[in-house]
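Written below as structure tokens is the structure these notes are about.
Every number in this text was worked out from the coordinates using simple rules, so none of it is lab data. Values in this document were obtained by computation on a predicted structure and should not be read as measured data. Cβ atoms come from the backbone with ideal geometry, glycine included; neighbour counts cover every protein chain shown.
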Amino acid sequence: MHPKEDIFYEARKFNTIELWKNVTGEQWYDADWQIKNTIRSVEQLKRVIKLNSLQESEIRRTLTVLNKEGKEALRITPYYASLMQADPFNPKMLPGEKSKKRLDPVFWQSVPTPANLLFPDTGLEGAMDEKSRSYGAAYQRYPNRLALFVAANTSCASYCVHCQRAKSLNSCANVSHTEINKGLFYIGYNKNIDEVLVTGGDALMISRGRLQYVLEELSRIPHIRVIRIATRVPVVMPMGITDELLELIKFSANKFNGGPDKYVYFMTHINHYHEITKDLAIAAKKIRNHGFTIRNQTVLLNHVNDYYKTLALTFTRMFWIGIHPYYLLQCHKEKGIVHFITPIQIGKIYMKHLQGWISGITMPKYAGNIEGGGGKVILMPSGHDTFHKEFDIDDKISESYAMVHTWDGKELSKYEALGRTTYEEFENGVRIMDDFIGKKGVFVPKLIVVDNNGRHIETTNRTKLPKFEKIKKSKLLEYDVRDKGMPLTNPVVISDEIDKQFKKSNYCKKRFD
Ligand code: SF4
């Protein structure tokens, strides 16, 4: 049984967790307290979740190796840690979510494991030969919009293990004032720019003074129409979303604005419905009450949300609390995180089969960010396959090379979505993780096996493809189809019965003008 069938996932009560048993509600709901008390060590972690001695020493070993590489890998806010189940190696999931084959999804996203040290071959990288696209803190890839990096990549409240921006300790230094000023100058200078993504790291983890300065300066630029704020604070530390912060954003973004109001969007990052809690809903409501729209990018993560039901629930539940699913993003191919990558063909199958079963406004676009500066390439949804029937996307799965066409007409042949391995390395890696997890069949990385000459042999774990043709989707979504006696799509099929019931009901007598 799942802990509670509710639209909100229920976090563990903080004072039932050993590390925070003496913490007061006032402290817990204070963002400063959350930041000061982020989990940074295994010592703290083992007072929050159950770890056996091997798991403890393996996490310690992973952190030590990453630290020697100049990376800071562990930082979890107490709030986000409370979303992990006490025994993350045996989590309770919804029926059909393959509990026995899963680890806790928040654990996977926030605790580095030995998997981060495996499979370093990220394979073919894009050959776009990207030169620098930055001027100061501004990074431009598209004609009308750019990203302004206002925060160091180590600024985030919690670190995501799957993050494309490795938390390099060298980048602890803040983004300098000069860099930000150069970026702001360029935005004012280039009248083609009408949209700015204020990002980092996390755009809401900078000082109030810096945030106010950046927004006020943007408010002076007449050709800017939209300001987007990239933040995971609502998800990992919703108590950080305060009325005072939102007032500051609202006021500053239009303080010196002579023309039409600049519209502010919040861009969040929810990957699993276990992150959709009452506290997140309260934060989302506050953001919307200040007149902002919230949109979400979900990263498709092998081992975390690579399942039809999980995606359906994640998209629908965030939509129900006013957060619009915007992109489902293919996970980046970075050293140490290739075990999180799901083959694009599998992502396409999920997206194809979600179409119609959740409303169109709840369906994000499935896209990949092409290495080397290619930008976003839309992968799905599409109901129009130009392939010959025998190449229908439901079968013939292969993750070898693909041809990619970017938005600006570049063509990239031999694009590989997955990391590479040899048989020996793969078997060794799976053995390490099976020992760490304490059971087989949970760690199922999808990798391209290559021979000594780098030629493709096969994709690992290809047998675990979703088979929809044998299962009715209504059955797959059984908890969404709550009333089993009802027609799935057409009331006419039971119209005699509805007529009878209607005549007995109050609706038969109700009158209105
Ligand atoms: S919040 Fe974003 S930038 Fe920060 S660690 Fe997570 S994915 Fe990376």
Integer Hz, Karplus 6.51/-1.76/1.60 couplings in order for the stretch 345-361, x for Gly and Pro: 4, 5, x, 5, 5, 4, 5, 4, 7, 7, 4, x, 7, 10, 5, x, 6
5 angstrom amide H check on Y135, placed H, neighbours 5+ away: Q140
The chain, relative contact order in percent, only Cα pairs under 8 angstrom and at least six apart counted: 13 percent
For the stretch 14-117, the Rg and Dmax computed from alpha carbons only, in angstrom: 14.3, 41
Farthest toward positive dipole pole in the stretch 19-102 [+1 Lys/Arg, -1 Asp/Glu at C-beta], among P78, Q55, L45: Q55
Amide H within-cut-off set for I276, under 5 Å, with H built and near neighbours excluded: Y9
Net charge contributed by nearby residues that have their C-beta within less than 13 Å of S176 (K/R +1, D/E -1): +1
Set of the stretch 35-74 residues, backbone N closer than 14 Å to the point 7 Å along the Cα-Cβ line of K21: 47-49
Extension gain from K504 to H324, taking 0.36 nm per residue of separation minus the Cα-Cα distance: 60.9 nm
For the chain: span of alpha carbons on each principal axis (Å, largest first): 74, 72, 58
Per-residue Cβ neighbour rank within 10 angstrom, fewest leading, R133, R75: R133, R75
Cα centre as origin, Lys/Arg/Asp/Glu Cβ charges: the stretch 143-239 dipole, Debye: 80 debye
Antiparallel bridge percentage (DSSP; both residues within the chain; nearest 5): 35 percent
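Just list whichever of K50/K446; K250/K285; K335/K446; K71/K446 have alpha carbons separated by over 21 Å in the model shown.
K50/K446; K71/K446
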Ranked list, fewest to most other Cβ atoms within 10 Å of each Cβ, for T16, T460, T314: T16, T460, T314
Cβ-derived FRET efficiency at R0 35 Å, D496 paired with T293, nearest 0.05: 0.20
Helix-derived mean residue ellipticity, 222 nm - over the chain, DSSP H n ≥ 4, -39500 (n - 2.57), to 500: -8000 deg cm²/dmol
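Sort 190-196, 339-345 for me by packing, meaning the mean count of neighbouring Cβ atoms within 10 Å per residue, highest on top.
So the peptides 190-196, 339-345, ranked by packing, come out 339-345, 190-196.
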Amide hydrogen neighbours beyond the local backbone of M380, cut-off 5 Å, H modeled: Y366
Charge dipole (debye, nearest 20) of the chain; +1 at Cβ of Lys and Arg, -1 at Cβ of Asp and Glu: 1000 debye
Net dipole in debye of the stretch 14-117 [+1 Lys, Arg Cβ; -1 Asp, Glu Cβ; about Cα centre; nearest 20]: 400 debye
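What is the fewest-to-most order of S155, S207 by other Cβ atoms lying within 10 Å of their Cβ?
Lowest count first: S207, S155.
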